[in-house]
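The structure appears below as structure tokens.
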Amino acid sequence: MTPPYSGHRNRMAVLTLAILLLAPSVLGHVAVWHKGMYCLNGTIPGVDDPDNNAPVSPLFNLSREDWWMHHVNKCDEFPPDDGDFLELPAGGSFVTELAVNRAFTSLSYNGTRTGTFIDGQEHLGLGETDEGKSAEGCITEMNIHTMNESMAAGTAFAISYNSDIKEVTPENLVVFTVLYHTPWHRVAEYKVPDLPECPSGGCHCAWGWVANGCGMPNMYMQPLRCKVVGQTGSKEVAPGKPPVWCEDDPSRCVSGPKQMVFWHQLEGNNVDVSGFDLSGRARSPAYNNKMGFSEGAQTDIFLDNDSATPTFITPGPSSTPPGFSEPAFTSGPGSNGSEPTFTSGPGANGVRDISGFLSLVTTVVSCATLQLSCIYLYLI
């Protein structure tokens with residue numbers, strides 16, 4: 001009897017299947033990557049997936065329970081390892097990576113598959129040429145919902161002074177930093193205001209962005225465990241208010257602390273926009289001045305002086321030096337930082353049995369034509 005995958009044709013079929021499985025990961029959407037994130041290893045218990053793309057699935061037309069903290073695929077049920085935090089240097093900056101898949105970050109394959117852009121590639125002239133663009137001029141090769149870097153909607157981090165993720169609410173999750181014209185490059189540096197000390201168990205943060213046209217009006221929300229380090233501030237963060245569209249009337253902009261943008265869901269939305277922006281395109285709320293967000297550290301989010309006690313928190317091993325232009329590479333999931341290997345199966349010729357691997361694969365597919373947020377396809 002011919003063993004599975006022993007013939008040339010069968011090996012080619014396996015290779016083709018592998019390529020098809022990887023395609024959604026390469027062409028998918030974007031997440032922020034750091035040791036302090038939830039579901040870094042994926043959403044299958046006991047599996048450390050170097051090609052994880054679970055956090056990148058967009059959120060659209062979902063119930064409050066499902067979109068909040070990316071619960072739709074249980075990402076919020078896979079916290080980071082003990083001691084791993086996104087460290088926020090008060091008054092400084094921190095570096096993260098934006099990518100369509102963990103494989104294209106320094107947190108996988110020993111950083112050997114990283115590139116300038118979020119898909120591990122270089123893309124010379126991206127946004128200035130027709131490379132990777134649709135007939136309408138939208139960049140579709142990476143699904144970043146923009147025509148060029150200047151039109152990239154902007155991304156943001158928010159913080160909640162709660163160690164228990166279940167205690168985080170829209171009101172106590174306040175945007176503290178915004179980076180205009182992202183997502184674009186893989187390496188992204190965010191500035192931090194003089195945040196006060198977190199509780200002993202740390203804080204919770206969330207990263208988000210909203211698609212700027214060029215496809216479905218998705219939003220993204222991703223949880224991380226975080227803590228403030230360095231010389232902490234003397235003012236507590238005040239509760240946030242929903243942001244308001246104010247591009248055409250700056251007097252309408254919400255001053256002070258603001259919530260994240262929650263939009264185009266079945267329930268729990270805090271933003272409602274309609275009509276066209278000043279460029280003539282359909283309005284899309286974003287982390288930029290159209291919604292009253294300034295770039296960089298949000299310095300207007302605090303209560304009065306002396307509402308918090310300043311102290312000094314020594315940065316830990318997961319800290320990124322302020323102003324560091326490139327994250328230090330960390331070992332990948334294989335032994336000694338090498339790529340993971342699959343053990344040989346019972347087939348002849350030492351052919352590796354990948355059936356166990358395939359049974360654990362979860363592929364997230366964005367279905368723009370079906371107007372669905374995502375479909376989870378389990379290959380068993």
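Annotation: amide H of Met147 within the under-5 Å range of Ile139, sequence separation 5 or more or interchain, hydrogens built in the peptide plane. For the pair the range 255-295 and the range 75-144, the centres of their Cα atoms are 23 angstrom apart. Look at Lys166, Lys133, Lys191 and count the other Cβ atoms within 10 Å of each Cβ; fewest to most, that gives Lys166, Lys133, Lys191. Taking each residue as 0.36 nm, the span from Phe312 to Arg64 lengthens on full extension beyond its C-alpha to C-alpha distance by 85.5 nm. Extending 7 Å from the Cα toward the beta-carbon at both Ser150 and Glu171 defines two label points whose distance is 4.2 nm.
How far, in nm, would the chain grow between Asp48 and Glu267 when pulled straight, counting 0.36 nm per residue and subtracting the alpha carbon separation?
75.5 nm
Put in line by how crowded their Cβ is, counting other Cβ atoms within 10 Å and starting with the fewest, Ile301, Ile159 read Ile301, Ile159. For Phe176, nonlocal amide neighbours, meaning residues 5 or more places apart or on other chains whose placed amide H falls under 5 Å from its own, are Phe157, Ala158, Ile159. Summing Lys and Arg as +1 and Asp and Glu as -1 over all other residues whose Cβ lies under 12 Å from the Cβ of Asn270 gives a net charge of 0. Counting neighbouring Cβ atoms within 10 Å and putting the fewest first, the residues Thr43, Thr146, Thr129 line up as Thr129, Thr43, Thr146. Around the amide H of Phe302, modelled in the peptide plane, lie the amide H atoms of Ala238, all under 5 Å away and 5 or more residues distant in sequence or on another chain. Once the chain from Asp82 to Ser234 is taken as fully extended at 0.36 nm per residue, the excess over their C-alpha distance is 51.9 nm. Among the listed pairs Lys241/Lys290; Lys166/Lys290; Lys35/Lys227, give every one whose C-alpha distance is greater than 23 Å. The answer is Lys166/Lys290.
The GluC sites (Glu not before Pro) of the range 72-160 that DSSP puts in a loop, and whose beta carbon has at most 15 other beta carbons within 10 Å, are Glu122, Glu128, Glu131, Glu136.
Rounded to whole numbers, the Karplus 3J(HN,Hα) couplings from phi for the range 111-123 are x, 6, 10, 7, x, 5, 9, 6, 10, x, 10, 9, 6 Hz, using 6.51 cos²θ - 1.76 cosθ + 1.60 with θ = phi - 60°, and x at Gly and Pro. Karplus-derived 3J(HN,Hα) values for the range 272-289, using 6.51 cos²θ - 1.76 cosθ + 1.60 with θ = phi - 60°, are 9, 10, 8, x, 10, 7, 5, 8, x, 8, 4, 4, 9, x, 8, 8, 7, 5 Hz; glycine and proline are entered as x.
All of the numbers you see were taken from the coordinates with simple rules; none came from a lab. The model shown is predicted, which means the values in this text are computed figures rather than measured ones. Ideal geometry is used to build each Cβ from the backbone, glycine not excepted, and the neighbour counts take in all protein chains shown.
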